[in-house]
Amino acid sequence: MQKHLFTPGPVNVPHEIRIAGAAPMVSHRSESWSCIVEEIHGRLKRLLETSEPVILIPGSGTGALEALAVNLISPGDEVISFSCGVFGERFREIASRTGAKIIPVDIARGQGFTGDDVTAALAEHPGAKAVLFTHNETSTGVVNPLKEMASAVPVDGPLVLVDAVSSLGAIPCYPSKWKIDALASCSQKGLLAPPGISPVWLSERAWETAKTRRCPSYYFDLALHRKYLEKKRPQNPYTPPVSLYYSLAASLQILEEYGWEKRFESTARMARTFEASCEAMGFELFVGDARFRSPALTSVVMPSGKGETIKKALEDLGVTAAEGQEKEPFTLRFAHYSPGGWPEASLLTGTLFGAAEKCGLDVNPGFIEKAWKTWNGEVR
Ligand SMILES: *Cc1c(COP(=O)(O)O)cnc(C)c1O
């Protein structure tokens, strides 16, 4: 039986992308390596619609977040940290370890921020040097209105640092246009590659900040990474994860040729279809306000006491979901990063139906008609 991974990272990596990683090693100081670096770099810049460089650092998304913090935050800096979940808290903790003075702004789990929340916090803390935003809060399934939040920060205001680990490649995210200053992502979610290399992007203003201070991290010194990227033969300061670059080059090629706009739309369509079918089955969605529901993943509340058994039943049927990161209520999270059409949508909803029936829930079989109509845009 084929297994289907619906966890929000890593995701099912399509065959062509996986085998691309098996190509022979090359020297990371060779011309052929520079071609790979250049190709990936060009594709990432087009994805972000930016002319500023995109640095790839070895490590997962958490490493990329750390790279932002150690290059841009100094001890004693006032940093306003907006958090609506586990990943917002993680970014806060990473920033606090640089010696920043953290000003926490928290909202209830399952809710998202607005531009007004940002305006209010900035009015209270006019001396802040940076703000921390989470684009897509993967622990709850909330997508924050990043463009609106960033536009609430004055252009000469604090640096806007964004965790885009679970949004890049799945949800529109345009840091240059949206006046963001620093962005961190990963390879294993929206970009459909194996985990292990992470894009980091800085605005011109953030590069100025990074260049004028001595980065306390040797390995994550972004100015050094940029210097190597801008050599006549673009390369890395240290040995890069060569195989992962091959896979990422393949995934970016496939996704770019498919078209990023189309990719964003198909991710969102999958999410809407799944949300509608869950509700038709009688499940409650963790994110109550539809505006904040993530196109990248759906967090579904499990009936009291049934969560573990439904997760196990799904697993037995071949679908792996991720458990929510909160104790109460028990949620299961399903990611929508893998490319797919109606067959994949019905696979997921149909398997959840089967698991729920197996666990003795009385589920309305009309969910599939609702899913089909939603897929076709006949109902919202
Ligand atoms: C996955 C994730 C992270 C952590 O990324 P790793 O690749 O596991 O280090 C950070 N923030 C968000 C929003 C995430 O979804």
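Can you confirm whether residue 335 is at pLDDT 95 or above, open to solvent by less than 20 Å² (accessible area, probe 1.4 Å) and out of contact with any helix residue (DSSP H, G or I) (no Cβ under 7 Å at 6 or more places or on another chain)?
Judged against the criteria, residue 335 is a match.
Of all residues in segment 1-38, how many are more than 16 Å from the ligand (Cβ to nearest atom), open to solvent by 30 Å² or more (accessible area, probe 1.4 Å) and hydrophobic (A, V, I, L, M, F, W, C)?
Result for segment 1-38: 8.
Given the conditions (1) under 22 Å from residue 130 (Cβ atoms); (2) surrounded by fewer than 19 Cβ atoms within 10 Å (Cβ to Cβ), report the number of the one that residue 206 does not fulfil.
(2)
Look at segment 79-104 and say how many of its residues are more than 15 Å from the ligand (Cβ to nearest atom), touching a strand residue (DSSP E or B) at 6+ places or on another chain (Cβ under 6 Å) and more than 15 Å from residue 127 (Cα to Cα).
1
Does segment 106-123 contain any residue that is among the aliphatic types (A, V, I, L, M), within 16 Å of the ligand (Cβ to nearest atom) and out of contact with any His (no Cβ under 7 Å at 6 or more places or on another chain)?
yes
One line per residue, one yes/no per condition, for (1) surrounded by 15 or more Cβ atoms within 10 Å (Cβ to Cβ); (2) aliphatic (A, V, I, L, M); (3) part of a helix (DSSP H, G or I):
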residue: 40; (1), (2), (3): yes, yes, yes
residue: 44; (1), (2), (3): yes, yes, yes
residue: 52; (1), (2), (3): yes, no, no
residue: 79; (1), (2), (3): yes, yes, no
residue: 88; (1), (2), (3): yes, no, yes
residue: 92; (1), (2), (3): yes, no, yes
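If you take the residues of segment 230-253 that are in contact with a helix residue (DSSP H, G or I) (Cβ under 7 Å, 6 or more places away or on another chain) and of a type in the set (A, V, I, L, M), which of them is surrounded by the most Cβ atoms within 10 Å (Cβ to Cβ)?
248
Considering each residue of segment 144-172, count those that are within 12 Å of the ligand (Cβ to nearest atom) and either surrounded by fewer than 24 Cβ atoms within 10 Å (Cβ to Cβ) or assigned to a loop (DSSP other than H, G, I, E, B) (or both), and give that number.
8
Going through segment 192-208 one residue at a time, which ones are touching a strand residue (DSSP E or B) at 6+ places or on another chain (Cβ under 8 Å) and within 13 Å of the ligand (Cβ to nearest atom)?
196, 197, 198, 199, 200
For segment 56-78, give me each residue that is among the polar types (S, T, N, Q) and within 14 Å of the ligand (Cβ to nearest atom).
Listed by number, the residues that qualify are 60, 62.
May I ask you to list the residues in segment 97-121 that are of a type outside the set (A, V, I, L, M, F, W, C) and open to solvent by less than 50 Å² (accessible area, probe 1.4 Å)?
Once the filter is applied, which keeps residues that are of a type outside the set (A, V, I, L, M, F, W, C) and open to solvent by less than 50 Å² (accessible area, probe 1.4 Å), segment 97-121 yields 98, 99, 110, 112, 114, 115.
The values are calculated or read from the model by the stated rules, or taken from the named source; none is laboratory data. Not measured: the values here are computed from a predicted model. Glycine gets a Cβ as well: all are built from the backbone with ideal geometry, and neighbour counts include every protein chain shown. To get the accessible areas, we keep the full protein, side chains included, count just its heavy atoms, and leave off ligands, DNA and RNA. Shrake-Rupley method; radii C 1.70, N 1.55, O 1.52, S 1.80 Å.
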